[in-house]
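Below: the structure, in structure tokens.
Coordinate-derived values only; no laboratory data. Predicted model only: the values in this text are computed from it and were never measured. With ideal geometry, Cβ positions are generated from the backbone for all residues, glycine too; neighbour counts draw on all protein chains shown.
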């Protein structure tokens, strides 16, 4: 068995209309003015230092995380059409 890194997106904030207001999923009910301020507060609250993904048309902000996943290596294919097993 081998190990591979798999990336996944975790939702951390959603836009609260109107304008550039955001709400962290870990701090609901407290809108934050501006995307930069939202990122700053998230980093301060969680200590996360990594990559982010923004979907502006959907009003969603994600962190990109990685996890190790075990992957089974494929078995060697044996051609037995000619009885050469």
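Relative contact order (percent) for the chain, with alpha-carbon contacts under 8 angstrom and 6 or more residues of separation?
Relative contact order here is 38 percent.
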Against the longest principal axis of the chain, how steep is helix 35-46, in degrees 0 to 90 to the nearest 10, with axes from Cα atoms?
70
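What does the helix-only formula give at 222 nm for the chain: each DSSP H stretch with n ≥ 4 adding -39500 (n - 2.57), the total divided by the residues, and the result rounded to the nearest 500 deg cm²/dmol?
One gets -4500 deg cm²/dmol as the mean residue ellipticity at 222 nm.
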Using a 10 Å cut-off around each Cβ, can you sort 28, 49, 60, 65 from fewest to most neighbouring Cβ atoms?
49, 28, 65, 60
Quick check: residue separation of residue 64 and residue 14 times 0.36 nm, minus the Cα distance between them. What number comes out in nm?
16.5 nm
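Report, as a whole number in µm² per second, the diffusion coefficient that Stokes-Einstein gives for the chain at 10 °C and 1.306 mPa s using the Kirkwood radius over alpha carbon pairs. Display every interim value, and only then the final one.
Values: Rh = 15.8 Å.
It comes out at roughly 100 µm²/s.
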